[in-house]
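Reading through the structure tokens given below for one structure.
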Amino acid sequence: MIIVAEPLILILFGEKWRQVISYFQILSISGLFYPMNAINLNILKVKGRSDLFLKLEIIKEVLMFVFIFFILILKSNIYGFLWVIVITSFIAYFINAFYSKKLINYSFWEQFKDIFKIILSTSLTMFFTYFLTIIFNFNIYISLFLKLFLGLLFYTIFSFLLKIEELNTVFKFLKQFKRK
């Protein structure tokens, strides 16, 4: 979403929404932590620790409030608020992972190790897609298509080279879908 934000927003909403592009890109960074936060919070639910789930949510909301308070004191602009969201989602991941370690002995480092290849593949995809599409000055429709196509192509290639097991799951699903 970070890479396709510009053509996507301009196509969907028009030129008057150009300023939103950077906001969207920053919020997309906070979204990177969402899946792992959700998994860690689901561990609490599965283990019947809704009490801990509630406490952690309150702690994270208070933490966000404190950050927002400092942003207001510093008289920051919208970017300060957006980066607060990114920072608190990052901190929330560590808080949630800490309690996953306590409940099922699945630490932050083990989680990171499990998703490292995916992070690497995604980072390489972003890098190559960005630099290959910035070289050429296409209209926004071609730019969006090219970024989506190259993103899918590079992600598939890097996932194959890094031997990401989930790629096989996708291929199996596509084969079953093709049969139907």
- Message: Given the criteria within 18 Å of the chain's Cα centre (by Cα) and either among the acidic types (Asp, Glu) or at negative phi (or both), does Gln19 qualify?
- Response: no
- Message: Given the condition modelled with pLDDT of 90 or more and out of contact with any helix residue (DSSP H, G or I) (no Cβ under 6 Å at 6 or more places or on another chain), answer yes or no: does some residue in the range 166-175 qualify?
- Response: no
- Task: Starting from residues that are without any contact (Cβ under 8 Å) to a residue 40 or more places away in the chain, in a helix (DSSP H, G or I) and in contact with a helix residue (DSSP H, G or I) (Cβ under 8 Å, 6 or more places away or on another chain), keep the ones in the range 120-144 and report whichever is surrounded by the most Cβ atoms within 10 Å (Cβ to Cβ).
- Result: Thr125
- Note on the structure: When restricted to Ile68, Ile73, the only residue more than 26 Å from Asn42 (Cβ to Cβ), open to solvent by less than 60 Å² (accessible area, probe 1.4 Å) and free of Cβ contacts under 8 Å to residues at least 24 places away in the same chain is Ile68
- Task: Go through the range 82-119 residue by residue and tally those that are of a type in the set (Phe, Trp, Tyr) and either open to solvent by less than 50 Å² (accessible area, probe 1.4 Å) or under 18 Å from Ile2 (Cα atoms) (or both).
- Result: 4
- If we scan the range 84-95, do we find a residue that is part of a helix (DSSP H, G or I), touching a residue at least 60 places away in the same chain (Cβ under 8 Å), more than 26 Å from Thr129 (Cα to Cα) and not charged (D, E, K, R)? yes
- Message: Restricting to the range 6-59, name every residue that is part of a loop (DSSP other than H, G, I, E, B) and either in contact with a strand residue (DSSP E or B) (Cβ under 7 Å, 6 or more places away or on another chain) or in contact (Cβ under 8 Å) with a residue 60 or more places away in the chain (or both).
- Response: Phe33
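The values are calculated or read from the model by the stated rules, or taken from the named source; none is laboratory data. Computed from a predicted structure; not experimentally measured. We place every Cβ from the backbone using ideal geometry, glycine too, and count neighbours over all the protein chains shown. The accessibility values were calculated without ligands, DNA or RNA, using every heavy atom of the protein model including side chains. Shrake-Rupley method; radii C 1.70, N 1.55, O 1.52, S 1.80 Å.
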